[in-house]
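Each remark here refers to the structure printed beneath this line.
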Amino acid sequence: MRAGTRLITELTALRVTADMSGSVLDQLVAGRLLDREDSILRGRIPVLRERRDRLAEALGREFPDWRWQVPPGGLSLWVDLGRPIASALGRAALRHGVRIEGGSRFGADPGTFEHRLRVPYVQPVEVAEEAVRRIAAALDGGLGGAGDEPGRPHWVA
C-alpha cells in the first residue's frame with residue numbers, strides 16, 4: 001500500500017485491533033460449535049465427500065482432458081485445464097450464470113495459476129452438476145465476448 005506515514009500508522013493500529021478482537025457474538029458461536037465439533041464433523045464429512053466425488057464424476061464426463069487430484073480434505077478441487085484459460089472461462093461461465101474463480105485470483109503474480117480453476121464442492125450435488133453443464137456450455141460457446149478484458153489481471157487489494 002502506498003500512503004502517507006500518518007495514514008499507514010492509523011490503518012496499522014486499526015488492523016491490530018481488528019486482529020486481536022473478534023465480535024463477542026462470533027466468539028460465542030465459535031465456542032458452541034467447537035464444543036460440538038465431533039458430532040458436527042461426523043455428519044458433515046460424508047456429505048462433503050459425496051459432493052466432492054459427484055462433482056469429480058461430472059467434471060470427468062464433461063471435461064475428460066482436465067486433470068485434478070481428489071484431495072483428502074478441503075472444500076474445492078483444483079482443476080488443471082491444460083491451458084491458460086481460467087480467467088476467460090470464469091468470465092464466460094458468469095455469462096451462463098455460474099460464478100467460478102480462475103486460479104490466478106489466488107496467485108500473487110498476474111498469470112500465476114491461469115491454467116487452474118478452483119471448483120468448490122459445498123453446493124448440493126444437483127447444483128454442482130448443473131454448474132458443470134453450464135461451464136461446458138460456456139466453453140463450447142467460446143471464451144470471447146462483450147466486456148472481456150483479455151490479459152488483464154484481477155487485482156485483490
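The values are calculated or read from the model by the stated rules, or taken from the named source; none is laboratory data. Owing to the predicted nature of the structure, the values given are computational and were not obtained by experimental measurement. Cβ sites come from the backbone with ideal geometry, for glycine too, and all protein chains shown count toward neighbours. For the accessible areas, the whole protein counts, side chains as well, though only heavy atoms, and no ligand, DNA or RNA atoms are used. Shrake-Rupley method; radii C 1.70, N 1.55, O 1.52, S 1.80 Å.
Quick look at the numbers
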read-out	value
Share of Cα-Cα pairs in the chain lying beyond 29 Å, as whole percent	39 percent
Cα gyration tensor shape of the range 7-93, rounded if a/c is under 1.5, else prolate or oblate by comparing a/b with b/c	oblate
Calculated P(r) tail over 16 Å for the range 76-143, as whole % of Cα pairs	43 percent
Packing-based ranking, highest mean first, of 60-72, 19-31 given that Cβ atoms within 10 Å are counted	60-72, 19-31
Förster radius 30 Å - calculated FRET efficiency between Ala108 and Ile45 (Cβ-Cβ, nearest 0.05)	0.45
Förster-model FRET efficiency, 30 Å R0, Asp19 and Arg133, C-beta, rounded to 0.05	0.10
Amide H partners (placed H, <5 Å) of Glu101, local residues excluded	Arg118
Amide proton proximity set for Leu77, modelled H, under 5 Å, gap of 5+	Val119, Tyr121
Relative contact order computed over the range 48-97 (Cα-Cα under 8 Å; 6+ residues apart), in percent	27 percent
Student exercise, the range 1-135 dipole from Lys, Arg, Asp, Glu Cβ charges, in Debye to nearest 20	280 debye
Accessible area (Å², 1.4 Å probe, nearest 10) - His96	80 Å²
